[in-house]
Structures are given as C-alpha cells and as structure tokens.
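Here the structure is laid out as structure tokens; the discussion comes afterwards.
Please treat every number below as a calculation from the coordinates, not as lab data. The structure presented is a predicted model; accordingly, all values stated were derived computationally and were not measured. In this analysis, Cβ positions are derived from the backbone assuming ideal geometry, glycine residues included, and neighbour counts consider all displayed protein chains.
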Amino acid sequence: MITKSNIITDIEIKTKEDLVKLKPFMEVGGMKVNKSQIARELNIDRRTVDKYLNGFKKSSTRKRSNCLTDYYNIIENLLNNNTSQIFYYKSVLWQYLKDNYNYSGSYVNFCLYLKKYSEFDNYFKKHKPSNVKDVTVRFETDKGQQAQLDWKESISFKLKNGNEVIVNVFVLLLSYSRFRVYRLSLSKTQDILFNFLDNAFDTFGGVPKEIVTDNMTTVMDEARTKKSPGKINNKFKQFADDYGFQVKPCIAYCPKTKGKVEAPMKILDEIHAYSGTLDYDELTKLVEKINNRVNCSVVKGTGRIPIMYFEKEKTFLSPLPRHEIRKSYQINTSCVKVNRSCMVSYKNHQYSVPPEYVNKHVSIQVYDNHLHIYYNTNLIAVHQINDNILNYLPSHYIEIAKISHAFNENSIYEKAKENLRLLGRDI
C-alpha cells in the first residue's frame with residue numbers, strides 16, 4: 001500500500017500548526033526555542049506552544065459521548081414487552097423522552113446511538129407498521145381551496161385505572177398550509193362528525209371551498225369507485241350545502257388521493273406510548289398538545305410551518321354560516337344536579353344514573369337521539385330519548401332498590417321487573 005508522506009519543505013512559522021517544523025531542529029541540533037516569544041507572536045498560550053512543538057494535532061473529528069447512556073434503563077423499561085405502552089417509531093420514543101424525562105439530545109444523534117443497541121433497534125423493526133410504497137403524483141392546492149378529512153380509527157387504549165377503551169381521532173387539515181385540527185372521541189357517528197366539523201371551521205375562522213374525504217358511511221351511502229361517482233348521504237349533503245362547501249370523495253381503496261392528511265396521521269401513533277398512564281381527560285389534553293406541536297413544526301414535504309402559512313390562508317376561507325344554521329349541528333353540554341331519586345332532568349323528563357352520583361353535578365349531551373350523561377369525563381349512562389316521564393335503566397333501578405331497602409332482598413328482582421313494566425320499561 002502506498003501512503004502519502006508529510007515532508008517538511010519550509011521552516012516558516014505562521015500558525016501554531018507550523019510549530020511541528022521546529023521539532024527536528026530541537027531533537028537533532030539541540031536548538032532551544034523561546035516559547036514565550038512564540039506565544040506572544042502567535043497570540044496563544046505558552047502551554048499551547050509546548051503542545052504543538054511536540055507534534056500535537058487537533059482531531060478533525062469530534063469525539064461524541066453516547067447520549068443514551070444515562071437513559072438506557074428508562075428506554076429498556078419503556079420498550080419492555082410486558083408494558084402496554086407501544087412505540088411504533090423512534091421519533092415517538094424521542095418525543096416521549098423529551099416530554100417526560102427532559103431528554104435534550106438531537107433526534108439525529110438519538111437514532112444514531114439507538115442503532116448501536118440491537119435490542120432497541122430490533123424492537124422498532126418488529127413494531128413498525130408495514131406500508132405499501134406506491135408511485136404518486138404530488139400536487140398542491142391554492143389558499144382556502146381544500147381541506148382533507150379523516151379519522152384515526154379504533155385505537156385501543158388502556159386507561160391508568162386499567163379499563164380498556166376504543167378511541168377515535170378526527171382530523172381536518174387545510175391542504176395549503178397543512179394547519180389541522182385534531183379531536184378525540186369514543187365514537188364517530190354522524191352527529192359527532194357534524195359537531196367536530198363545525199368546531200374545526202370555527203377554529204379556522206371560515207370554511208374551505210371543498211372537502212376531500214374517504215367513503216366513510218357517515219358521508220357516503222354508496223362508495224365512489226373507478227366506475228361509479230358514488231352517492232353522498234342526504235344528511236351530509238345538506239350539511240355541506242348549509243356550510244357552503246363541496247364534497248369530494250376519494251376513489252375507494254385509493255387513500256393517496258388525500259395523502260396530505262394520510263401521511264401526518266402516523267403522528268397520532270404517539271398515543272400508544274402513553275397507554276396505561278393517562279385517564280381519558282389527560283388523553284384528550286395529550287391529543288391537544290400533539291395538535292399544537294404539529295401546527296408549530298416544519299412540514300418535511302413543504303418546508304413550511306403550518307401556523308405561519310395558516311395566517312396567509314385563513315383570509316381566503318369562506319365565511320361561517322349564521323348561528324341559527326350552526327346551532328342545529330352543535331352538541332351542547334349542560335350541567336345538572338342528580339336528585340335524590342338518582343335522576344336527572346332533560347326537557348321535563350327524568351333519566352336515571354347510578355345511585356353513587358346522588359347530589360353530584362353531571363354533564364349531559366344529546367346526540368344520535370340519545371342522552372349521554374357524564375361525571376367529569378366518565379360516561380356513566382346512556383338513554384334513548386323518548387316521551388316517558390320517568391326513564392330508568394334496569395341496573396340503576398335494582399341498585400337503587402337495594403340501597404333504599406324498598407323491597408325484600410329475596411324478591412327484589414321480581415319487584416323491580418314489575419315496577420319497571422308499570423313505568424313502561426321491561427327488564
């Protein structure tokens with residue numbers, strides 16, 4: 001192997017790196033040098049002169065410490081197969097450490113050192129969702145022209161009390177600025193969709209000219225295909241007419257037509273990282289935190305920060321409809337007190353709740369023709385709206401009867417069944 005030699009061809013000293021040229025004279029000729037004088041002329045410390053005279057060379061590469069050493073045990077516990085927390089992407093783990101353990105390392109270095117630990121690297125290979133890579137045509141839309149609608153559906157989440165819930169995350173994204181609104185829900189019925197859309201439009205301060213959506217049943221009665229335009233649901237069509245936008249359904253099984261909203265949805269996989277550590281209210285706040293962070297971060301595909309470009313886009317949105325129109329699509333929350341009969345009032349009708357909520361204040365919401373009753377954010381009862389004055393759920397009535405000792409313990413079920421029949425509700 002032929003290597004390059006460093007042969008000294010002059011003895012001119014201009015920088016501290018040139019001091020090594022004097023070394024042969026010092027070794028062979030016994031020459032002494034005035035290190036203090038050299039230090040003054042080069043404007044460096046005398047000790048630096050001595051170091052460079054002895055052949056010191058500054059490394060061209062920076063020696064980096066392992067930024068994961070102090071966090072190894074934490075990461076090992078988080079990626080343990082026995083925990084309910086799941087990290088689908090390295091970026092989710094990095095963000096989790098930043099938010100909860102004050103990790104300050106850069107994402108690039110984090111990924112670099114994570115690969116050095118095979119036990120961690122293999123974890124992400126195992127949990128990373130598979131994606132089909134298709135060739136797509138990139139396109140952009142003008143300000144205020146389009147928004148894309150989607151749901152992150154059926155996310156299984158373990159609450160910190162041990163209960164499992166299935167949650168859904170609604171997202172509406174403005175195509176030009178990529179500014180978006182996320183909302184968490186336990187269901188995704190049409191009434192909830194209308195309420196979330198109204199809320200998103202209110203956040204935007206206006207309505208885009210068109211909304212691109214997939215063939216969800218709350219929007220489409222018949223899916224759009226390559227051979228058929230599909231059929232928009234009459235109720236959703238009325239909603240679109242009231243708010244002044246056009247519905248643009250995608251071709252079924254072709255999500256790339258709304259890729260602007262499909263690609264960013266993976267950020268919501270961060271929810272799995274908190275499984276078993278939050279209650280529902282805290283999960284709602286987490287989704288809001290993610291929403292604000294994403295709107296203030298650079299979008300890789302455009303190099304834009306959504307909230308900055310949203311300022312340019314919102315003036316091009318169509319105005320919101322009148323309050324009278326919007327009111328019929330909004331889900332309002334009322335606070336009521338549970339009476340001593342374990343009932344709450346709604347439009348002069350009474351609806352039951354479990355007896356432990358007597359004299360407590362609960363929240364009620366009406367949608368899908370049902371009365372939903374919440375204590376804090378916990379759903380404690382659901383009743384179908386009807387014309388009965390008194391509406392008991394059988395389980396509530398039996399519990400109330402047990403506590404009040406209204407019936408003999410041995411006949412409580414039969415007595416409850418008879419009374420509910422007379423009240424118009426059979427067990």
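Okay, here's what the table says:
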| quantity | calculated |
| --- | --- |
| Residue exposure sequence - Arg47, Arg293 - by fewest surrounding Cβ within 10 Å | Arg47, Arg293 |
| Members of Lys35/Lys58; Lys14/Lys51; Lys235/Lys285; Lys209/Lys231 lying beyond 28 Å, as alpha-carbon distances in this model show | Lys235/Lys285 |
| Kirkwood hydrodynamic radius of the stretch 69-127, Cα pairs, Å | 11.6 Å |
| Asp45 paired with Ser185, simple spin-label distance in nm, labels 7 Å along Cα-to-beta-carbon | 6.6 nm |
| ³J(HN,Hα), Karplus 6.51/-1.76/1.60, whole Hz, each residue of the stretch 368-375, x for Gly, Pro | 6, 6, 10, 9, 9, 10, 10, 10 |
| Karplus 3J(HN,Hα) series, Hz, for the stretch 292-301 with 6.51 cos²θ - 1.76 cosθ + 1.60 (x for Gly, Pro) | 5, 5, 5, 5, 10, 10, 6, 7, 4, x |
| Per-residue ³J(HN,Hα) for the stretch 235-245, Karplus 6.51 cos²θ - 1.76 cosθ + 1.60, θ = phi - 60°, Hz, x for Gly and Pro | 5, 6, 4, 5, 4, 4, 5, 5, 9, x, 10 |
| Residues listed by number, the stretch 97-126, amide nitrogen under 13 Å from Val298 label point at 7 Å toward C-beta | 107-108 |
| Summed residue charge, Cβ within 14 Å of Asn82's Cβ, Lys/Arg positive, Asp/Glu negative | 0 |
| Residues with amide H under 5 Å from that of Leu393, placed H, sequence gap 5 or more | Ser352 |
| Per residue convex hull volume, Cα atoms of the stretch 309-371, in Å³ | 145 Å³ |
